[in-house]
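Here is the structure we will look at, set down as structure tokens.
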Amino acid sequence: MEGFRFPVWKFVTYQYLQLIVLVVVAVLAGPVSSQLLAAPQSIGEQPQEQSAQVQPQMEHEGGILTPLTTLIEEAKRNDPVIHGAEQAARAAMFVAPQMSSLPDPQFTVQQFSVGSPRPFAGYTNSDFAYIGVGVSQQLPYPGKLKLRGAVADRDADTAKAHVEVVLQDEIENLKTSYFHLAYLQQTLGTLQRNAALLEQMEQQAEAHYSTGMGNQQDVLKAQLERTKILREIAMHHQLVGEDEAELKRVLRRPQDSPDILAEPVAATFLSYTASELLDKVREQNPNIHENSAMVQRNQTAVELAQKEFRPDFGLSYMYENTDRKFRDYYELSLSVNFPRRKPRQAALAQAQVNIERARTDLDTQLQAALAQVQKQYVMVKTSEEQLLIYRDGLIPQAQATIQAGLAAYQSNREDFETLFSSFMDVLSLNLEYQQTILDHETALAHIERLTGVTLP
């Protein structure tokens, strides 16, 4: 600038200072940037050097990594929600023997007096006085007890099918929380490494500013972005705590027990076609099985309602003992009840409506499951294409750009704004890559829940 005077000795000092700062920054930033920018070797896999640095940190912070399969087996043993459904199913199995058994028999002791209200008065001087002992039994119309037991059996089948529904729901919740926890743990390492790299860039910008080759805005911009990353790290800790709480609930672990460390998530490519998955929904979806069991139950209930129009019977027998000088009495009785048609017709109509409602629910559940599988299938296939683009195109290109930008900025051949833009591209692409893996695995977990298949 015109009129600007800068002492020669200060210029030499600043030149030496700049050279020292550049050398230190290059030495410190080199390993960090190379680890940050290393291209993924495969979908969802971290580079070997990166994994070597993340693994000791995980073990140091909380312990060893826990595979998802181990947690699933633990949840099957300990989840109170699953246990509650299993106990309800076991209780339902004891209803059928109650409903298919005859009513309790009734035993009777009877005393008949003549000439006096006092018990046994005139027992020895009257042909009519006696002491009687009898038994009676209610006999439902043939087929009613069997149908009542069949309805109870269908209820038990429905409760048993509901156990599988609850089991698959809890396993899906477990997988979703586990994948999200793994995502948070992986992205936390990414944020921490990027924060360290950004700190080096900030120091380099300060060095440029102190030598008059940069401006204060560059330093402030780097500081602002590093503060944002620190905020994201704090939010990660909160979200990790929420996932840990949900996992411990499903596993029935104490909430103050050691935290769970998830294995790094690697994307699993789907080998089933859409048609195969849709067929699996019809065959193995637990909700479809539960609704089918309810349809069968209501069909049996209709048969029972039709049978309730038939009369029931009562059979009783009594022995009546008089005084020994008189002959004994023997009494056999048969009774028949005549069901009123109005309440039976209402019960039959209700049963018929229930079966139509159950069929409607079954069809609704089936169509919803088919639509969900189709949506998740499209999401999985789209995310697989995106993962390949990230792995083979976007991330390597962004890495090459920032590596070139770092060298150019150190030699004053590129401004800080361009370098910062390249840094933000690498950061966002790496986070988007991990988010895509999370979405992919979450969609696969939902497909497993809907189809009943176990994906590799």
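The values are calculated or read from the model by the stated rules, or taken from the named source; none is laboratory data. Since we're looking at a predicted model, the values are computed, not measured. Note: ideal-geometry Cβ built from the backbone for every residue, glycine included; neighbour counts use all protein chains shown. The area values use the complete protein model at the heavy-atom level, side chains included, leaving out ligands, DNA and RNA. Shrake-Rupley method; radii C 1.70, N 1.55, O 1.52, S 1.80 Å.
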Given the convex hull of the Cα atoms of the range 317-358, what is a quarter of its surface area in nm²?
4.9
With a cut-off of at most 15 other beta carbons within 10 Å, and DSSP calling the residue loop, which chymotrypsin sites (Phe, Trp or Tyr not before Pro) in the range 94-172 qualify? Please list them.
Phe94, Phe120, Phe128
About the Cα centre, charge dipole magnitude for the range 225-352 (Lys/Arg +1, Asp/Glu -1 at Cβ), debye
820
Normalise the Cα radius of gyration of the range 276-422 by 2.2 N^0.38 Å (N = residues in it) and let me know the number.
2.63
Solvent exposure ordering (accessible area, 1.4 Å, most first) of Arg359, Arg324, Arg118:
Arg324, Arg118, Arg359
Mean accessible area per residue over the range 85-139 (1.4 angstrom probe, all protein chains present, square angstrom) is 70
Given the protein chains as shown and a 1.4 Å probe, how many square angstrom of Ser271 are accessible, to the nearest 10?
90
Cα-based Rg (one decimal) and Dmax (whole number) for the range 371-419, in Å?
17.9, 57
How high is the relative contact order of the range 116-273, given as a whole-number percent (alpha carbon pairs under 8 Å, six or more residues apart)?
26
Each residue of the range 420-430 in turn: what ³J(HN,Hα) in whole Hz from Karplus with 6.51, -1.76, 1.60 and θ = phi - 60°, glycine and Pro shown as x?
5, 4, 5, 4, 5, 4, 5, 4, 5, 5, 5
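How would the range 351-446 be classified by its alpha-carbon gyration tensor: rounded, prolate or oblate, with rounded meaning a/c under 1.5 and the a/b versus b/c comparison settling the rest?
The shape class here is prolate.
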Quick P(r) readout (the range 180-291; Cα-Cα; 10 Å bins; whole %) gives 12, 23, 21, 21, 13, 7, 3, 0
Convex hull around the C-alpha positions of the range 229-359: the volume in Å³ per residue is 350
Using the Karplus curve 6.51 cos²θ - 1.76 cosθ + 1.60 with θ = phi - 60°, what ³J(HN,Hα) values do you get for each residue of the range 448-455, in whole Hz, with x for Gly and Pro?
4, 5, 7, 9, x, 9, 10, 8
Solvent-accessible area, 1.4 Å probe, carbon plus sulfur percent, for the range 277-415:
51
Check the straight Cα-Cα distances from Lys160 and name the lysines below 28 Å, setting aside those fewer than 8 residues away within the same chain.
Lys76, Lys144, Lys146, Lys175, Lys248, Lys280, Lys307
For Tyr330, the accessible surface traced by a 1.4 Å probe with all protein chains present amounts, in square angstrom to the nearest 10, to 150
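Sorting Met235, Met93 by accessible area (1.4 Å probe), largest first, what list results?
Met93, Met235
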At 4 °C in a medium of viscosity 1.567 mPa s, the range 160-211 has a Stokes-Einstein diffusion coefficient, with Rh taken as the Kirkwood radius over alpha carbon pairs, in µm² per second, of 90
Rh by Kirkwood over Cα pairs, then Stokes-Einstein D for the range 401-456 at 1.306 mPa s and 10 °C, µm²/s
115
List the equivalent ellipsoid semi-axes of the range 264-324 in whole Å, largest first, each obtained as the square root of 5λ for an eigenvalue λ of the Cα gyration tensor.
61, 17, 7
Shape descriptors of the range 141-239 over alpha-carbon atoms, Rg and Dmax in angstrom, are 30.1, 105
Residue by residue, what Karplus-based ³J(HN,Hα) values in Hz, rounded to whole numbers, does the range 138-143 have, using 6.51, -1.76 and 1.60 with θ = phi - 60° and x for Gly and Pro?
7, 10, x, 4, x, x
